[in-house]
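Undergrad: Submitted below is the structure of interest, expressed as structure tokens.
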Amino acid sequence: MADIKITDLTVGMEIKNELYILWYNELKKASNNKFYMDFQFRDKTGEINGKKWDATPNELNDYNNAELYFVTGRVTEFQGSLQLNISSLRKAPQQIQKNIADFVQSAPVSSDDMLNKVYEYINLIKDEELKKLCTQVYQENSEQIRFYPAAKALHHSVRGGYLYHITTMLDLAKAISNVYTTVNTDFLYSGILLHDIMKLKEMNSNECGIADYSTEGQLMGHIEMGICYIGEMAKKVGLSQNKELLIKHMILSHHYIPEHGSTKMPMFLEAELLHHIDLIDARTYDFNKAYETLQKGEITERTVFSLDRKVMNPDFEK
Ligand SMILES: [Fe+2]
Ligand SMILES: [Fe+2]
């Protein structure tokens with residue numbers, strides 16, 4: 001294994017036991033009636049299609065998507081795209097599978113550190129009922145929370161993106177409430193912790209943090225689902241009706257306008273701040289993401305989808 005990244009592959013290259021994530025596999029039949037395996041591999045840098053000719057129908061059971069495989073073969077070209085002609089494919093042992101996060105784009109902070117931060121903030125909530133609500137919600141979803149992205153394709157669509165979004169928002173809320181001292185941090189922190197919680201059900205995500213929208217997610221969206229969920233959780237933890245209503249309003253209004261899914265504008269300060277903190281965090285992420293592909297002084301050729309405009313990476317120093 002020479003540790004060749006997918007974006008460094010070139011036509012004619014022979015690779016031996018390179019570690020990539022198997023993203024997709026399907027048994028297909030060629031025009032000569034012979035079976036072959038169609039694969040897609042990914043790493044942190046990109047993706048590539050692969051073919052293994054002369055496959056047998058039983059072979060299909062040998063492959064699991066979203067796991068690391070040692071790939072041996074030759075890089076070829078098909079219709080202008082690189083393709084791997086696979087001679088052998090071997091699943092990496094469990095010890096190596098544990099490092100799968102190193103092969104997908106992940107949040108820059110570890111899930112453990114982000115989860116610790118979440119609990120530090122929960123501990124800062126003085127209101128016992130809200131603290132209980134947030135603790136219960138995070139405990140019930142503790143497994144998924146560790147790897148979920150915050151979106152399928154927009155801001156924070158990386159492994160651990162959900163927690164990264166929540167923890168940066170919490171830090172931002174702390175800074176803002178140091179300036180504006182009338183802010184009720186119990187509600188602001190709770191609103192942040194709970195506003196996107198049903199993204200965990202709005203999308204289905206594998207452990208690599210790659211997600212697709214669920215049927216419920218497409219029909220309802222995380223705002224409606226979040227309101228229903230908080231209703232259930234409020235009963236479970238004995239949250240008073242008034243607090244339940246305020247938290248539900250924060251969730252309902254956090255997208256601000258009907259075009260974005262909110263049927264009410266925020267009607268109190270903490271709900272208003274929740275919206276702006278959410279937006280600042282998403283925009284900052286999207287600008288930084290756009291900069292990754294730009295030289296200093298360069299402007300994107302096309303509109304950046306998530307920002308709906310062209311972006312310039314200015315040439316000033318940080
Ligand atoms: Fe949201
Ligand atoms: Fe959000």
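The values are calculated or read from the model by the stated rules, or taken from the named source; none is laboratory data. Just so we're clear, the structure is a prediction, and the values are computed from it rather than from any experiment. Cβ sites come from the backbone with ideal geometry, for glycine too, and all protein chains shown count toward neighbours.
Undergrad: Could you grab me the full set of residues in segment 174-203 that are surrounded by fewer than 17 Cβ atoms within 10 Å (Cβ to Cβ) and not in a loop (DSSP other than H, G, I, E, B)?
TA: Within segment 174-203, LYS174, ALA175, ILE176, ASN178, VAL179 meet the criteria.
Undergrad: Anything in segment 170-186 that is under 18 Å from LEU279 (Cβ atoms) and touching a helix residue (DSSP H, G or I) at 6+ places or on another chain (Cβ under 6 Å)? List them, or say none.
TA: If the condition is that a residue be under 18 Å from LEU279 (Cβ atoms) and touching a helix residue (DSSP H, G or I) at 6+ places or on another chain (Cβ under 6 Å), then LEU170, LEU172, ALA173, SER177, VAL183 are the ones that fit.
Undergrad: Filter segment 250-267 for residues that are touching a residue at least 24 places away in the same chain (Cβ under 8 Å) and away from ligand 2 (no atom under 13 Å from the Cβ) and give the result.
TA: LEU252
Undergrad: Say whether the condition of being more than 24 Å from LYS131 (Cα to Cα) and assigned to a helix (DSSP H, G or I) is met by at least one residue in segment 220-239.
TA: Checked against the condition, which is being more than 24 Å from LYS131 (Cα to Cα) and assigned to a helix (DSSP H, G or I), segment 220-239 yields at least one hit.
Undergrad: Pick from segment 267-314 the residues that are within 20 Å of the chain's Cα centre (by Cα) and of a type in the set (D, E, K, R): which of them is farthest from ligand 1 (Cβ to nearest atom)?
TA: GLU292
Undergrad: Pairs under 9 Å by beta carbon, first residue on the phi > 0 side of the Ramachandran plot in segment 199-221, partner surrounded by 17 or more Cβ atoms within 10 Å (Cβ to Cβ) and of a type in the set (A, V, I, L, M), six or more apart or different chains?
TA: Filtered contacts from segment 199-221: GLY209/ALA101; GLY209/VAL104; GLY209/ALA107; GLY209/VAL158; GLY221/MET198.
Undergrad: Follow-up. Among residues belonging to segment 125-170 that are basic (Lys, Arg) and at pLDDT 95 or above, point out the one that is farthest from LEU239 (Cα to Cα).
TA: LYS126
Undergrad: Still on this structure: Give segment 268-317 a look and list any residue that's closer than 16 Å to ILE166 by Cβ and among the β-branched types (Val, Ile, Thr), or say none.
TA: Residues satisfying the conditions are ILE277, ILE280, THR284.
Undergrad: Which of the residues spanning segment 145-169 are part of a helix (DSSP H, G or I) and within 15 Å of ligand 1 (Cβ to nearest atom)?
TA: Of everything in segment 145-169, those that are part of a helix (DSSP H, G or I) and within 15 Å of ligand 1 (Cβ to nearest atom) turn out to be GLY161, TYR162, LEU163, TYR164, HIS165, ILE166, THR168, MET169.
Undergrad: Only one of (1) closer than 22 Å to PRO149 by Cα; (2) loosely packed, with under 12 Cβ neighbours inside 10 Å; (3) acidic (Asp, Glu) fails for GLU14. Which number is that?
TA: Exception for GLU14: condition (1).
Undergrad: For ILE247, are the conditions met, namely being touching a residue at least 60 places away in the same chain (Cβ under 8 Å), within 22 Å of LYS117 (Cβ to Cβ) and surrounded by 14 or more Cβ atoms within 10 Å (Cβ to Cβ)?
TA: yes
Undergrad: Take LYS310 and tell me if it is surrounded by fewer than 14 Cβ atoms within 10 Å (Cβ to Cβ) and touching a Ser or Thr at 6+ places or on another chain (Cβ under 6 Å).
TA: Yes; evaluated as a whole, the condition is true for this residue.
Undergrad: Another question about this same structure. For segment 107-116, state whether one or more residues are touching a residue at least 60 places away in the same chain (Cβ under 8 Å) and surrounded by 14 or more Cβ atoms within 10 Å (Cβ to Cβ).
TA: There is no residue in segment 107-116 that is touching a residue at least 60 places away in the same chain (Cβ under 8 Å) and surrounded by 14 or more Cβ atoms within 10 Å (Cβ to Cβ).
Undergrad: Here's a follow-up. SER306 fails exactly one of the following numbered conditions: (1) in the same structural domain as THR168 (by TED's automatic domain parsing); (2) within 15 Å of ligand 2 (Cβ to nearest atom). What is the number of that condition?
TA: Only one criterion is unmet by SER306, namely (1).
Undergrad: How many residues does segment 1-40 contain that are under 17 Å from LEU89 (Cβ atoms), of a type in the set (Val, Ile, Thr) and not in a helix (DSSP H, G or I)?
TA: Matching residues across segment 1-40 total 3.
Undergrad: Next up: Could you check, for segment 227-246, whether at least one of its residues is at pLDDT 95 or above and under 22 Å from LEU172 (Cα atoms)?
TA: yes
Undergrad: Which numbered condition trips up ILE100, out of (1) surrounded by fewer than 18 Cβ atoms within 10 Å (Cβ to Cβ); (2) touching a residue at least 60 places away in the same chain (Cβ under 8 Å)?
TA: (1)
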